[in-house]
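Undergrad: The structure's right below; bear with me while I get my questions together.
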Amino acid sequence: MSLLSYIILTPFIGAAMLVLIPEKQTTFIKLVSALFAFIGLALSFYLFLNYDKSLGGMQFVENIPWIKAFAINYKLGADGLSVSMALLTGIIWFAGVLVTWNLQERVKEFFIYMLILVGGVFGVFLSLDLLVLFIFLEIAVIPKFILIHIWGSGKKEYSAMKYTLYLLAGSAFSLIALILIYIHSSTLDVTQLALITYSVPFQKFIFFLLLIGFGVIVPLWPLHRWTPDGHSSAPTAISMLLAGVIMKLGGYALIRVGIGVFPAGAAFWAPLIAVIAVVNCIYIALVAMVQKDLKYVVANSSISHMGYVLIGIAAMNTISLTGAASQMFAHGIMAALFFALVGAIYNKTHTRMLADFGGLAFQMPRAATLFLITGLASLGLPGFFNFVAEFLIFAGAFKVYPVLTTVTILAVVITAIYVLRVVQQMFFGPRNPKWDSLTDLKGIELVPLVFLAVILLWFGLVPSSITNLINQGIDPIVAQIGGAL
Amino acid sequence: MIIIFYLFSFLLLAFALGTVLSKNLVHSALLMIGSFFAVAGLYILLQAEFLAMVQILVYVGAIAVLVVFGVMLTRKGSVKDSNLPNRYKKVGALSAVIFFALLVRSIINTSFPAPSSPVVGANTIIQIAQTLLTQYAVAFEALGVLLLVAIIGAIIIGKETK
Amino acid sequence: MILSWPTIILEISSLGIGLLLLILGLVFTSLKSKATLGYFSIIALLLMLVGSFYLPSGATQTFINNFYVQDSLALFFKQLFIVSALLVNTMALRYMKPHTNNRGDFFALTFFALTGMMMMASAAEFITLYIGLELMTFTFVLLTAYKKHDLKSGEAGLKYILLSAVSSGVLLYGFSLLYGLTGALDFSSLVALFAPTSSPLLVWAIVMVLAGLGFKIALVPFHMWTPDVYEGAPTPITAFLAVGSKAAGFVAFIRVFFQVFAVYSPIFMPLLIALTVLTLLIGNLIALAQTHLKRLLAYSSIAHAGYILLGVIAYSKLGLSAILFYLLLYMFANIGAFAAVAALVINTGQDKISDLAGLWKSSPFTSVVLLVSLLSLAGIPPTAGFIGKFYLFTELVSRGYLWLAFVAVGMSLVAIYYYLVVIRTFLSGSVAEKTSMTIPFSLKLVMLVSVVMTIGIGVFPGPFTDYLLKVAQAFLG
């Protein structure tokens, strides 16, 4: 058992512990969940610190035979990419537990499902066997369905079902791809798969299946339809996990499996991805602009931001891929912060309609400040990690798709428009006496928000600590591309 | 031989059709007895005398009588129109005819292996007994259990419970 | 003549215990002492299960004249039947109490059905196979109609016996054609006699055997009886039908189509593929419209027959072991689901899906069991169902049926939808007037075993796949 197993097991053990606690002891349940979230965060941070950057490559590898008849191993390993994603998961999990501190309804079950979900996410980022990765990916789906269905808001029944069917339909494609890969090479070990040479038509077909399968999660236009409903209906902590981590599973898997194993297939489909990325960025940003519900704005902005990741992936060079992975990290934190803020404000005002707000800065200056910070991060202002990530993506992608990249940069402008419009509508303008009774964010509400904002700023100021790490994970993958083309 | 075969076959089919088509349940039962006899005749043609005997003894002597008993004891009033009509008579007849035609076509197109010529006058009872109690011992014993299950079932369903 | 008794010891003990139970039921006069009969049956089954592991499993043994064989395939299926009978009888301990007046005949009948299934697993000759099948079917008819004052139960029994009689007629017609064409009915002679060329009548024989056995495994279009019988039968018997009877149908199917008709696989394969696709489509699509849990599970069991047949279509050692693996996990998932239904029926007398609302509160344990069982049926990891489907689909694709895998995966998605509808019903719902459910200990035990096995096989499938691969290798040589 290595560190990685401990990280994956922590949430599952936590869930098992929670089963044993009587459901009436809600405070105790929350404390235990927070404790396990902290352990998870500490372990992933420990992993972040102890990953030997001078060595690079896969570290902490653990390989235990699982199904001998299929030659499937429980194989874990972490490179720069996985380490950064695991750290992201740890951060958002911890913040998510704190955000949920005031939950009253079915507390025990909520945290059990949340912990299973997080365990699945850690598993995806840290496993090196495709079947194991797929299993963890699926483990993350069903708890999410239950979480949205029971604790969600709005048209939660519809959203939960839509989300689940979209994701499982995607999985159906990746499952077929998985089976084809397995039949072709009789192993599903990612590191071994990367060493095998595949015929180009095979690569094209497999990458196409993977593109649909993982693209649903990213989400890729036009497979993105679950996202706005899913994000908006989910309870705050789950929206944070959904936008912060789950969407990144798709990007991660596309880079690790899609590009890492099937570079020729990726190269064939890359122009399509680039075009879709532009649609994601521009079209969805425009959609975000006309939304009336605050949560829908944020949800659409998430899809739009994942478009940058996609064009980074499509460009397939070191800089753009590093940028894409960095953007996943940056956007993960930023989106989580956004949803946490929306949730916190909703808890006070019980509305999410933009038209209802106005002048909130008078009553809630701290919320306004944090919102502004998040908004500025979202539109990629220098000083935040998002700027670094987007800059890397554009710098890398411009060489390959000069026109498309230029068009994509337009999305930054649109983002600026809708973010500033939201900030203006909500917080500025004349003081609205309707909200005079509101108290500003304080105490435990503030902790996760400040925690996330500080991380965003910290990596904005010292980006190299994480971009170097990611870069080390990307380098072998890019070498793979170079070998194939 | 051939003529007798076709005679028995024709009788069998006629009786069977009559059983199905008759509206009176008692008539049906009686026609069924006729068809049992015709089958017994076919058995004799195949030189399976014992089987023919058993066929008459068991089916005519026991089962048909039981059926008549059942009909007479359970029905109140007239037995006219006691055989339930079937909505699917035409469809059933059509599909049966098609199925029959297809089978006949297949049978004509199939070459059967030459039948092993039976030993005339051989004691079929001994042969049957030997087969049943050696090769088919398991099936034979299981048949006994099957009968037991049937009896238990009759009791479970028939017995009045509070 | 040498009789190899170990070949048949399980059947003899099952029969003997059944008879003993009947006699004990008459000897014990007080109601209280009769109540011990159920426990007796469970202990006896446990002993049989333990004993079965000490039977020689390596080489194929025959009882007499190749008509009755005990190979590792037969032994695996017999153990599967014993486990399912064990779980079913435990489930029935309390469930059947109002209907049996503590008589011993209910439990005796389950043993007779078990004997019939075991005969089907070992029979290597068509008449023996047929007698085993009839013994099982007939017993099931009685068990189905056991709640004789319940109109639905009686109707189900009547439907089952009528349709079974028709299917038996077809099956026997098929056998008679085979005999007429070859002069033999035992599998080894038939294999030796079959020439690669076929006559039109032989095709008919194969089609009729397919139809007759297809009835038992609920293959579309021979599935019509399933929903009504499943709904009307007492819930433990429904579970036994869905698990035991279906597995018995499959073992006969495997023997006949993998072994006897192996030469003719090019002839029956297109038909089998067409029927499998139909089974997958109809089973899953009609399940969408169901409002009662037992009917839903009936259609899902039809659909699962389709998934298992994918392994037959793959027609390989791995395909066979995938079938065996799937039957194993299917048993635990289904028993878990039916045990949850039994808990619901004991408490509310209903099995409507909408009645499940609030189950998370009234019985969290039952809702977890139902959740895990349904997820396993849907094929979601980490339950065993996922590994089973992965195994089947992998083998299918490696045999070149990529399109069929797409159909099957697509239909799994449909299945996931209707399972999710059930799941979301019992995980939410108002709880104001719901009091907590009382669930007998025996039922809890069944649920616990099935959940532990469903997740256990999903997380540690290695030992099971290894063992079943050996079984398949031994069978196909």
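The values are calculated or read from the model by the stated rules, or taken from the named source; none is laboratory data. This one's a predicted model, so the numbers in the text were calculated from it and none came from an experiment. Positions of Cβ are generated from backbone atoms using ideal geometry, with glycine treated the same way; all protein chains shown enter the neighbour counts.
Undergrad: Which condition from (1) more than 16 Å from the chain's Cα centre (by Cα); (2) surrounded by 24 or more Cβ atoms within 10 Å (Cβ to Cβ); (3) not hydrophobic (A, V, I, L, M, F, W, C) is the one that C:Tyr130 breaks?
TA: C:Tyr130 satisfies every listed condition except (2).
Undergrad: May I pose another question? Considering only residues that are crowded, with 17+ Cβ neighbours inside 10 Å and touching a residue at least 60 places away in the same chain (Cβ under 8 Å), look in region C:211-225 and name the one that is farthest from C:Phe475 (Cα to Cα).
TA: The extreme case among them is C:Trp225.
Undergrad: Here's another thing I want to ask about it. Name the pairs: first residue in region C:29-56 and touching a residue at least 40 places away in the same chain (Cβ under 8 Å), second residue among the charged types (D, E, K, R) and surrounded by 13 or more Cβ atoms within 10 Å (Cβ to Cβ), Cβ to Cβ under 9 Å, at least 6 apart or on different chains?
TA: Hits for this filter: C:Lys34/C:Arg103; C:Ala35/C:Lys97; C:Leu37/C:Arg103; C:Gly38/C:Arg94; C:Gly38/C:Lys97; C:Ser52/C:Lys78; C:Leu55/C:Lys78.
Undergrad: Going through region C:230-250 one residue at a time, which ones are out of contact with any Ser or Thr (no Cβ under 9 Å at 6 or more places or on another chain) and hydrophobic (A, V, I, L, M, F, W, C)?
TA: Taking region C:230-250 and keeping what is out of contact with any Ser or Thr (no Cβ under 9 Å at 6 or more places or on another chain), we get C:235, C:248-250.
Once the filter is applied, which keeps residues that are out of contact with any Ser or Thr (no Cβ under 9 Å at 6 or more places or on another chain) and hydrophobic (A, V, I, L, M, F, W, C), region C:230-250 yields C:Ala248, C:Phe250.
Undergrad: How about region B:100-113: which of its residues are within 10 Å of chain C (Cβ to nearest Cβ) and either surrounded by fewer than 12 Cβ atoms within 10 Å (Cβ to Cβ) or on the phi > 0 side of the Ramachandran plot (or both)?
TA: Kept after step one, since they are within 10 Å of chain C (Cβ to nearest Cβ), are these residues of region B:100-113: B:102-103, B:105-113.
Once the filter is applied, which keeps residues that are within 10 Å of chain C (Cβ to nearest Cβ) and either surrounded by fewer than 12 Cβ atoms within 10 Å (Cβ to Cβ) or on the phi > 0 side of the Ramachandran plot (or both), region B:100-113 yields B:Ile108, B:Asn109, B:Ser111, B:Pro113.
Each row is one residue, and each column tells you yes or no for (1) crowded, with 17+ Cβ neighbours inside 10 Å; (2) modelled with pLDDT under 90.
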| position | (1), (2) |
| --- | --- |
| C:Gly183 | no, yes |
| C:Ser188 | yes, yes |
| C:Thr197 | no, yes |
| C:Pro200 | no, yes |
| C:Ala205 | yes, no |
| C:Val209 | yes, no |
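Undergrad: Inspect all residues belonging to region C:358-372 and state whether any of them is assigned to a loop (DSSP other than H, G, I, E, B), at negative phi, touching a residue at least 40 places away in the same chain (Cβ under 8 Å) and more than 10 Å from every other protein chain (Cβ to nearest Cβ). Before you say what the answer is, go through the steps one by one.
TA: Going through region C:358-372, the residues assigned to a loop (DSSP other than H, G, I, E, B) turn out to be C:358, C:363.
Checking which are at negative phi leaves us with C:363.
Filter once more, so that each one left must be touching a residue at least 40 places away in the same chain (Cβ under 8 Å): C:363.
When the remaining residues are screened for being more than 10 Å from every other protein chain (Cβ to nearest Cβ), the result is C:363.
Yes, that holds for at least one residue.
Undergrad: Turning to a different aspect of this structure: Is one or more of the residues making up region C:233-245 crowded, with 24+ Cβ neighbours inside 10 Å, more than 14 Å from chain B (Cβ to nearest Cβ), in a loop (DSSP other than H, G, I, E, B) and touching a residue at least 60 places away in the same chain (Cβ under 8 Å)? Let's see the steps before the verdict.
TA: Initially, region C:233-245 is screened for residues crowded, with 24+ Cβ neighbours inside 10 Å, giving C:233-245.
Add one more test, that the residue is more than 14 Å from chain B (Cβ to nearest Cβ), and what stays is C:233, C:235-236, C:238-245.
Of the ones still in play, those that are also in a loop (DSSP other than H, G, I, E, B) are C:233.
In the following step, the residues that additionally are touching a residue at least 60 places away in the same chain (Cβ under 8 Å) were identified as C:233.
Yes: region C:233-245 contains one or more residues that are crowded, with 24+ Cβ neighbours inside 10 Å, more than 14 Å from chain B (Cβ to nearest Cβ), in a loop (DSSP other than H, G, I, E, B) and touching a residue at least 60 places away in the same chain (Cβ under 8 Å).
Undergrad: Taking the criterion of being within 23 Å of A:Ile455 (Cβ to Cβ), under 19 Å from the mean Cα position of the chain (by Cα) and part of a helix (DSSP H, G or I), would at least one residue in region A:49-61 satisfy it?
TA: Checking region A:49-61: not a single residue is within 23 Å of A:Ile455 (Cβ to Cβ), under 19 Å from the mean Cα position of the chain (by Cα) and part of a helix (DSSP H, G or I).
Undergrad: Sticking with this structure for a sec: Would you point out the residue of region A:154-171, among those that are over 21 Å from the mean Cα position of the chain (by Cα) and not basic (Lys, Arg), that is nearest to the other protein chains (Cβ to nearest Cβ)?
TA: A:Glu157
Undergrad: Do you know which of the residues in region C:185-225 that are in a loop (DSSP other than H, G, I, E, B), of a type in the set (Val, Ile, Thr) and more than 13 Å from every other protein chain (Cβ to nearest Cβ) is nearest to the chain's Cα centre (by Cα)?
TA: To start, the set of residues in region C:185-225 that are in a loop (DSSP other than H, G, I, E, B) comprises C:185, C:194-199, C:217-224.
Now narrow it down to the ones that are of a type in the set (Val, Ile, Thr): C:197, C:217, C:220.
Restricting the remaining residues to those that are more than 13 Å from every other protein chain (Cβ to nearest Cβ) gives C:217, C:220.
Numbers: C:Ile217: 8, C:Val220: 16 Å.
Going through the qualifying residues, I end up with C:Ile217.
Undergrad: Residues that are farther than 20 Å from C:Ile237 by Cα, in a helix (DSSP H, G or I) and aromatic (Phe, Trp, Tyr): does region C:81-102 have at least one?
TA: First, the residues of region C:81-102 that are farther than 20 Å from C:Ile237 by Cα: none.
No.
Yes or no, residue by residue, for (1) in a helix (DSSP H, G or I); (2) at pLDDT 90 or above; (3) under 27 Å from the mean Cα position of the chain (by Cα):
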position	(1), (2), (3)
C:Met1	no, no, no
C:Pro6	yes, no, yes
C:Leu10	yes, yes, yes
C:Ser13	yes, yes, yes
C:Ile17	yes, yes, yes
C:Leu22	yes, no, yes
C:Gly25	yes, no, no
C:Thr29	no, no, no
C:Leu46	yes, yes, yes
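Undergrad: Also, quick follow-up: If you check A:Ile13 against the conditions, is it of a type in the set (A, V, I, L, M) and either away from chain C (no Cβ under 14 Å) or surrounded by 14 or more Cβ atoms within 10 Å (Cβ to Cβ) (or both)?
TA: Working: of a type in the set (A, V, I, L, M): yes; either away from chain C (no Cβ under 14 Å) or surrounded by 14 or more Cβ atoms within 10 Å (Cβ to Cβ) (or both): yes.
In short, yes.
Undergrad: Let me ask something additional. Among residues belonging to region A:172-199 that are in a loop (DSSP other than H, G, I, E, B) and more than 14 Å from chain C (Cβ to nearest Cβ), point out the one that is surrounded by the most Cβ atoms within 10 Å (Cβ to Cβ).
TA: First, pick out the residues of region A:172-199 that are in a loop (DSSP other than H, G, I, E, B): A:186-188, A:194-199.
Cutting the leftovers down to more than 14 Å from chain C (Cβ to nearest Cβ) gives us A:194-199.
Working: A:Ala194: 18, A:Leu195: 10, A:Ile196: 11, A:Thr197: 9, A:Tyr198: 21, A:Ser199: 10.
Of everything passing the filter in region A:172-199, A:Tyr198 is surrounded by the most Cβ atoms within 10 Å (Cβ to Cβ).
Undergrad: Between A:Leu117, A:Leu126, which is touching a Leu at 6+ places or on another chain (Cβ under 7 Å) and within 14 Å of chain C (Cβ to nearest Cβ)?
TA: On the way: A:Leu126 fails: within 14 Å of chain C (Cβ to nearest Cβ).
Going through A:Leu117, A:Leu126 in turn, just one is touching a Leu at 6+ places or on another chain (Cβ under 7 Å) and within 14 Å of chain C (Cβ to nearest Cβ): A:Leu117.
Undergrad: Check whether at least one residue in region C:128-136 is hydroxyl-bearing (Ser, Thr, Tyr), facing chain B (nearest Cβ under 7 Å) and in contact (Cβ under 8 Å) with a residue 60 or more places away in the chain, and report yes or no. It would help to see each step written out before you state the result.
TA: Narrowing region C:128-136 to residues hydroxyl-bearing (Ser, Thr, Tyr): C:128, C:130.
Checking which are facing chain B (nearest Cβ under 7 Å) leaves us with C:128.
Narrowing further to those that are in contact (Cβ under 8 Å) with a residue 60 or more places away in the chain: C:128.
Within region C:128-136 (the criterion being hydroxyl-bearing (Ser, Thr, Tyr), facing chain B (nearest Cβ under 7 Å) and in contact (Cβ under 8 Å) with a residue 60 or more places away in the chain), the answer is yes, since at least one residue qualifies.
Undergrad: While we're looking at this one, here's another question. What do you reckon, is A:Ser82 surrounded by 22 or more Cβ atoms within 10 Å (Cβ to Cβ) and either over 18 Å from A:Gly119 (Cβ atoms) or of a type outside the set (Lys, Arg) (or both)?
TA: On the way: surrounded by 22 or more Cβ atoms within 10 Å (Cβ to Cβ): yes; either over 18 Å from A:Gly119 (Cβ atoms) or of a type outside the set (Lys, Arg) (or both): yes.
Yes, satisfied.
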